[in-house]
Amino acid sequence: MFTPRIRTASIAVALTGATIVGAAGVAGAASSSDEPTLESPAGIVAQVDDENRPELNIEERREARQERREARQADRAEVAELLGLDLDSLKEQIQNGATLADVAAAQGVETSAVVDLIVEQKTERVQAGVDNGRITQERADEILAELPEKVTTAVEEGRPERDRGDRGNRGPRGGGDATNEG
């Protein structure tokens with residue numbers, strides 16, 4: 001019924017799961033205090049979670065995500081306004097292969113003005129991330145240090161194309177076999 005490959009994979013998954021569950025149980029039993037330790041699952045989670053980051057429920061996370069989307073949309077509209085275009089027209093030109101530098105030149109706007117505006121917008125968003133606990137100040141400093149160069153490259157060269165077909169060797173969607181063999 002199962003091919004040897006599927007049977008072997010199933011056994012490997014089961015053994016791995018049992019090992020993880022057993023290790024977590026042993027580590028939890030070995031800890032006699034109520035404080036989480038790095039050996040206990042709760043300790044690992046406590047180490048990963050930033051204590052300054054507020055805990056949000058699902059609805060709050062949706063609202064925060066929507067606010068970020070709206071902020072990005074407002075940023076795009078501001079760039080379009082700088083270029084003397086409406087947002088749809090700018091979007092169409094970008095989708096047709098123009099870079100922001102190409103559009104700026106066609107509109108008689110200095111590329112540096114576009115770069116400066118985008119750097120300002122992104123700096124505000126990074127700082128908002130620090131203020132609401134999404135990122136640390138140290139990480140923000142790293143991002144901001146390389147921001148002008150990255151924005152200049154993106155404005156002049158455009159966004160790199162994404163290969164939506166590359167799934168990282170995980171196989172096709174739906175868990176099917178990559179070949180048509182049954």
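Order the peptides 125-135, 68-78 from the highest to the lowest mean number of other Cβ atoms within 10 Å of their residues. List each step's numbers first, then the result.
Details: 125-135: 15.5, 68-78: 13.0.
Listed from highest to lowest mean packing, they are 125-135, 68-78.
Between Arg68 and Asp141, what is the label-point separation in nm under the 7 Å Cα-to-beta-carbon projection?
Once both label points are built, they end up 2.3 nm from each other.
Please compute the alpha carbon radius of gyration of the range 58-157, then divide it by the globular-protein estimate 2.2 N^0.38 Å. Two decimals is fine. List each step's numbers first, then the result.
On the way: Rg = 14.9 Å, N = 100, 2.2 N^0.38 = 12.7 Å.
Relative to the 2.2 N^0.38 Å estimate, the range 58-157 comes out at 1.18.
What does the net charge come to around Gln93 if you take all other residues with beta carbon closer than 12 Å to its beta carbon, with K and R at +1 and D and E at -1?
-3
Each reported figure results from applying straightforward, stated rules to the coordinates on display, with no laboratory input. Note that this is a predicted model, so its numbers are computed, not measured. As a convention, Cβ positions derive from the backbone with ideal geometry for all residues, glycine included, and neighbour counts pool all protein chains shown.
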